[in-house]
Amino acid sequence: MRQFIVEGLDGAVAVANVDGEFFAFEDCCTHGAASLSEDGELAGHTVECGWHRGQFDIRTGAVVASPCTVDLRTYKIDVREGRLHISF
Ligand code: FES
């Protein structure tokens, strides 16, 4: 996972590469202020927050494990001419 700052968006975006497929989501846990790209761990399509072990599905942003109760915002991402494009 890697963090990006996207012009026009409040907060950072995390981009994950899962077997060559890219996923983009807000880089701030909905339970606290943890950066998921910096403090979290990715296992398949699940990101686990490093602070209290809450988990999200990065494909949909859905909460997978508590203590998180609010889904993560996700963004459409695609690769064009070798560059990542995030839509919001
Ligand atoms: S800050 Fe992420 S689970 Fe608490």
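The values are calculated or read from the model by the stated rules, or taken from the named source; none is laboratory data. This is a predicted model, so every value here is computed, not measured. A quick note on method: Cβ atoms are made from the backbone with ideal geometry, for glycine too, and the neighbour counts reach across all protein chains shown.
Quick notes on this one:
- Residues that are touching a residue at least 40 places away in the same chain (Cβ under 8 Å), more than 19 Å from ASP71 (Cα to Cα) and either touching a Ser or Thr at 6+ places or on another chain (Cβ under 6 Å) or not in a strand (DSSP E or B) (or both), drawn from the stretch 1-24: VAL6, GLY8
- THR46 vs. criteria modelled with pLDDT of 95 or more, out of contact with any Phe, Trp or Tyr (no Cβ under 9 Å at 6 or more places or on another chain) and of a type in the set (Val, Ile, Thr): no
- Of residues in the stretch 27-40 being modelled with pLDDT of 95 or more and over 14 Å from ARG2 (Cβ atoms), the one surrounded by the fewest Cβ atoms within 10 Å (Cβ to Cβ): GLY32
- Consider the stretch 12-24 and keep the residues that are surrounded by fewer than 14 Cβ atoms within 10 Å (Cβ to Cβ) and either among the charged types (D, E, K, R) or within 14 Å of the ligand (Cβ to nearest atom) (or both). The one that is farthest from ASP78 (Cα to Cα) is ASP19.
- Residue in the stretch 25-40 that is away from the ligand (no atom under 16 Å from the Cβ), out of contact with any Lys or Arg (no Cβ under 6 Å at 6 or more places or on another chain) and either among the polar types (S, T, N, Q) or not in a strand (DSSP E or B) (or both) present: no
- Against the list (1) surrounded by fewer than 19 Cβ atoms within 10 Å (Cβ to Cβ); (2) outside any loop (DSSP other than H, G, I, E, B), the condition PRO67 fails is (2).
- Within the stretch 70-88, the set of residues being within 20 Å of ALA33 (Cβ to Cβ) and not in a strand (DSSP E or B) comprises VAL70, ASP71, LEU72, ARG73.
- Among the residues of the stretch 55-74, those that are more than 9 Å from the ligand (Cβ to nearest atom) and farther than 17 Å from ALA12 by Cβ comprise ASP57, ARG59, THR60, ALA62, VAL63, VAL64, THR69, VAL70, ASP71.
- Just one of the listed residues (ARG73, ARG53) is surrounded by fewer than 18 Cβ atoms within 10 Å (Cβ to Cβ) and within 10 Å of the chain's Cα centre (by Cα), and it is ARG73.
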